[in-house]
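Contents: one structure, followed by commentary.
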Amino acid sequence: MSNSKSGPAPDGNGSGPPLNAAVMQPAAALQVPSEQPRLHMGTLRALAEELGDAAHVLRFLSTYLSMLPMRMGRIDVGLAAAEAEPSLEAVLSLKISSSMVGARVTERHCRAMEKMIRKDRLSDAIQALPALRRVTDQCYAARPHLLDRAAEALLRRGGP
């Protein structure tokens, strides 16, 4: 393995603190559990009832799932730059939308990272990033399955 050229530190100028390699690691390189991700269908049903439109909720869920890589990218960029405010905004955005679609595990990870960032513990948030990435990668990969399950739960008439 040749390393003839040494590049700048992750912050681009070599003056920032060393970053955990997981921040810069591609999502595909991380191990993703084979277990299917879950959405809390009661949350989706309540949202559909509140809006009076299951189709709108399914579109929202589809958008949420398709935007997961972009949202993780925003978190990556904020943490890689060691900037608390953009990191916090990105984590809060993911936390809130995860809560709305019933992605409770993702929401829990975001809550924990939010606390770390608010306490100015960015290195802890960087350490927590791979776990959040695993969960979001898992949901992103399971988009068709999750959308099918949600459609079945929201559109079925009668029954439990």
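The values are calculated or read from the model by the stated rules, or taken from the named source; none is laboratory data. Just so it is clear, the model here is predicted, and its values are computed rather than measured. Every residue, glycine as well, gets a Cβ built from its backbone with ideal geometry; the counts of neighbours run over all protein chains shown. When the accessible area is computed, the model is the full protein with side chains, heavy atoms only, and any ligands, DNA or RNA have been set aside. Shrake-Rupley method; radii C 1.70, N 1.55, O 1.52, S 1.80 Å.
Observations
- The one condition in (1) out of contact with any Ser or Thr (no Cβ under 8 Å at 6 or more places or on another chain); (2) closer than 20 Å to ALA54 by Cβ; (3) crowded, with 17+ Cβ neighbours inside 10 Å that ARG133 fails to fulfil: (2)
- Pairs, first hydroxyl-bearing (Ser, Thr, Tyr) in segment 138-154, second part of a helix (DSSP H, G or I), C-beta under 7 Å, six or more apart: TYR140/LEU65; TYR140/LEU68; TYR140/PRO69
- For SER34, the conditions (1) modelled with pLDDT of 95 or more; (2) more than 10 Å from the chain's Cα centre (by Cα); (3) surrounded by fewer than 16 Cβ atoms within 10 Å (Cβ to Cβ); (4) closer than 26 Å to ALA151 by Cα all hold with the exception of (1).
- Enumeration of residues in segment 136-151 that are out of contact with any Pro (no Cβ under 7 Å at 6 or more places or on another chain) and either assigned to a loop (DSSP other than H, G, I, E, B) or within 23 Å of ALA81 (Cβ to Cβ) (or both): THR136, ASP137
- Test: residue in segment 80-95 that is at positive phi and assigned to a loop (DSSP other than H, G, I, E, B): yes
- Meets criteria (among the polar types (S, T, N, Q), in contact (Cβ under 8 Å) with a residue 12 or more places away in the chain, in a helix (DSSP H, G or I) and surrounded by fewer than 18 Cβ atoms within 10 Å (Cβ to Cβ)) for SER62: yes
- Filtered residues of segment 102-124 (kept if open to solvent by less than 70 Å² (accessible area, probe 1.4 Å), in a helix (DSSP H, G or I) and either closer than 30 Å to ARG45 by Cα or touching a Leu at 6+ places or on another chain (Cβ under 6 Å) (or both)): VAL105, THR106, GLU107, HIS109, CYS110, ALA112, MET113, GLU114, ILE117
- Given (1) farther than 17 Å from ARG38 by Cβ; (2) modelled with pLDDT under 95; (3) in a helix (DSSP H, G or I), index of the condition GLN127 fails: (2)
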